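A.B. asks: Once you've had a glance at the structure underneath, I'll fire off some questions.
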Amino acid sequence: MVAPQLAAVFTKLQTLSTSDHASVVSMNIFVALLCACIVIGHLLEENRWMNESITALIIGVFTGVIILLTSGGKSSHLLVFSEDLFFIYLLPPIIFNAGFQVKKKQFFRNFITIMLFGAVGTLISCTIISLGVINFFKEMDIGSLDIGDFLAIGAIFAATDSVCTLQVLNQDETPLLYSLVFGEGVVNDATSVVLFNAIQSFDLVNTSPRILLEFIGSFLYLFLASTMLGVIVGLVSAYIIKKLYFGRHSTDREFSLMMLMAYLSYIMAELFYLSGILTVFFCGIVMSHYTWHNVTESSRVTTKHAFATLSFVAETFLFLYVGMDALDMEKWRFVSDSPGTSVAVSAVLMGLVMVGRAAFVFPLSFLSNLAKKSTSEKISFREQIIIWWAGLMRGAVSMALAYNQFTRGGHTQLRGNAIMITSTITIVLFSTVVFGLMTKPLIRFLLPHPKPTASMLSDQSTPKSMEAPFLGSGQDSFDDSLIGVHRPNSIRALLTTPAHTVHYYWRKFDNAFMRPMFGGRGFVPFVPGSPTERSEPNLPQWQ
């Protein structure tokens, strides 16, 4: 009796050992591919066409082809695409670092336009795509899709790729375009996820005006609550570090607390069914404004490079991951008998994406320009074309939502669902490569010499994120002479220059109440034995 049991246990352990070894081999290959992406991306850095996201995507596809050939057509990837892996581990460091290093003055100066594009524009795009697929897909033989699937498709393909935007637009060369397209991308991703979750949770068969009002109310609640949660966690981190002076004991503690609280904001948002993307983005903005100034100089250098490195590795991992998963034979096998249908579905969806984006970029840009007095701050028609073009890229958010809607555990046995997954993969590959490759040349063609604006002048002292401290002496300053606003004190000033007026009063409130409590620029942490202690024995007034 004992011998057979021991033999069975030994066989099981041997199987587990073989499985573990296979996992180790897969991870070794994947890490080696990440290193190759970094090296090749560095060599192609000066290339006007390529960027690191496209490089990683192409390397992933070629690797998938090689694995497909060596496995006899059975498998094409080392790891299976998982929306949980994407949303819980890969996306948070990317979005947080984007908020942490964003030029806040540029972002908030265009905040109304960004919210118009990101929230209202996404709703318009989602509506057009959903109505389009309802009309077009009825003519195609793609399987049984219900109204929930059609609305989900609208939310899936309304999500732009904010990660790829970081690669194709330069914050220093085109600050207005970067601020608008990337800011819109973050808000757009959050809006798409919120819309997707709302569509899944509501009864869409028995619709009524009451259901519509509940939908709008739920959307606004998620949007505001997510933003406030990020702000609160960021302020709490600033207050704790300011009061406890971690830097006196260990730089590691300061950095660890910042990193963990940033991730905590994202996880808390997911726990309370909010938008983790919005939460961690605004947490990054608040931390860069308050928390980062409360740590010691060594901690500032550490956090700057560590957050940027985590984001960079996650981005590269993500595009390599998507590229390898694109050739998953399980899903393509369902559409092999009718490739024309899959191509037609992809073409229809790509056309609807282009129409849906044009339907809000140009009208909302016109409305935004009406509210701006200065010609230099208005969005020109050429800039509108670039905003439209750069936002056509679809990425991992669309793939993750598509997997969530049309698969169970990454697998599907339904032809209609397989067609939607393969069409999503096709659009992600096509839009990232084609629109990503053409964005930089298009900017050089349409804007050969970008005109200097007041916003560019005011941000000139902001250093690049990897070359000098994040927030230079000029980023948070507010020079009234640049914009011609002197102590606005009336409703008329608020109506004529709303962004500048709100910024002026915010600076007064920030200096009077927020910075004395939460720290920020001007706060110098006390470190025993430091030059600060010898030159200024008394603590700064904001301590």
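A.B. asks: Can you send over the solvent-accessible area of ASP328, 1.4 Å probe, protein chains only, in Å² to the nearest 10?
C.D. replies: About 20 Å², ignoring ligands and nucleic acids.
A.B. asks: Can you put LYS243, LYS138 in order of accessible area, largest first, using a 1.4 Å probe?
C.D. replies: Ranked from most to least accessible, the order is LYS138, LYS243.
A.B. asks: Ordering THR375, THR296 from largest to smallest accessible area (1.4 angstrom probe), what's the sequence?
C.D. replies: Details: THR375 105, THR296 15 Å².
Sorted by accessible area, descending: THR375, THR296.
A.B. asks: Using only the alpha carbons of segment 374-426, determine the length spanned along each of the three principal axes and report them from longest to shortest in whole angstroms.
C.D. replies: Principal-axis extents of segment 374-426 (Cα, largest first): 56, 15, 12 Å.
A.B. asks: Oh, and also: With θ set to phi - 60° and the Karplus curve 6.51 cos²θ - 1.76 cosθ + 1.60, what are the ³J(HN,Hα) couplings of segment 91-102 in order, to the nearest whole Hz, using x for Gly and Pro?
C.D. replies: 6, x, x, 5, 5, 4, 5, 5, x, 5, 10, 5
A.B. asks: Could you rank VAL31, VAL186 by how accessible they are, 1.4 Å probe, largest area first? Let's see the in-between values first.
C.D. replies: Values: VAL31 75, VAL186 0 Å².
From most accessible down to least: VAL31, VAL186.
A.B. asks: May I pose another question? Once phi is turned into θ = phi - 60°, what whole-Hz ³J(HN,Hα) does the Karplus curve with 6.51, -1.76 and 1.60 give for every residue of segment 280-296, x standing for Gly and Pro?
C.D. replies: Each residue's phi maps through the Karplus curve to give 6, 5, 6, 4, x, 4, 5, 5, 5, 8, 10, 4, 4, 7, 8, 8, 6 Hz.
A.B. asks: Also: Using the heavy atoms of the protein chains alone and a 1.4 angstrom probe, what is the accessible area of segment 83-446 per residue in square angstrom?
C.D. replies: 37
A.B. asks: Residue by residue through segment 362-369, which ³J(HN,Hα) values in whole Hz follow from phi under the Karplus form 6.51 cos²θ - 1.76 cosθ + 1.60 (θ = phi - 60°), with glycine and proline marked x?
C.D. replies: With coefficients 6.51, -1.76 and 1.60, one gets 6, x, 6, 5, 4, 5, 5, 5 Hz.
A.B. asks: Give me the net charge for the shell around VAL193: Cβ to Cβ below 12 angstrom, other residues only, Lys and Arg +1, Asp and Glu -1.
C.D. replies: With Lys, Arg at +1 and Asp, Glu at -1, the neighbours total -3.
A.B. asks: Using Cα pairs under 8 angstrom and six or more residues apart, how large is the relative contact order of segment 83-446, in percent?
C.D. replies: Relative contact order for segment 83-446 comes out at 28 percent.
A.B. asks: From the square roots a ≥ b ≥ c of the eigenvalues of the alpha-carbon gyration tensor of segment 346-391, which class results: rounded (a/c under 1.5), prolate (a/b over b/c), or oblate?
C.D. replies: Prolate is the answer for segment 346-391, as a/c is 1.5 or above and a/b outweighs b/c.
A.B. asks: Follow-up question, since we're still on this one. Filter the trypsin sites (Lys or Arg not before Pro) in segment 373-444 down to the DSSP loop ones having no more than 11 other Cβ atoms within 10 Å, then list what survives.
C.D. replies: Answer in residue order: LYS373.
A.B. asks: Taking the highest mean first, how do the peptides 352-361, 99-108 order by number of other beta carbon atoms within 10 angstrom per residue?
C.D. replies: 99-108, 352-361
A.B. asks: So, taking all protein chains as they sit and a 1.4 Å probe, how much accessible area belongs to TYR321, in Å² rounded to tens?
C.D. replies: Per-residue accessible area (TYR321): approximately 10 Å².
A.B. asks: Share of segment 208-352's accessible area from carbon and sulfur, percent, 1.4 Å?
C.D. replies: Here carbon and sulfur together make up 74 percent of the probe-accessible area.
A.B. asks: Between ALA512 and SER26, what FRET efficiency comes out of the Förster formula 1/(1 + (r/R0)^6) with R0 = 56 Å and r the beta carbon distance, rounded to 0.05?
C.D. replies: 0.50
A.B. asks: Using the alpha carbon gyration tensor of segment 83-446, what are the three equivalent-ellipsoid semi-axes (square root of 5 times each eigenvalue), largest first, in whole Å?
C.D. replies: Values: eigenvalues 236, 110, 84 Å².
Result for segment 83-446: semi-axes of 34, 23, 21 Å.
A.B. asks: Can you pick out the pairs among LYS104/LYS304; LYS372/LYS508; LYS105/LYS508; LYS104/LYS508 whose Cα atoms lie more than 20 Å from each other?
C.D. replies: With Cα atoms farther than 20 Å apart: LYS372/LYS508.
The values are calculated or read from the model by the stated rules, or taken from the named source; none is laboratory data. Nothing here was measured: the structure is a model prediction, and the numbers come from that model. FYI the Cβ positions are ideal-geometry reconstructions off the backbone, even for glycines, and counts take in every protein chain you see. Areas reflect the complete protein model, heavy atoms only, side chains present, ligands, DNA and RNA absent. Shrake-Rupley method; radii C 1.70, N 1.55, O 1.52, S 1.80 Å.
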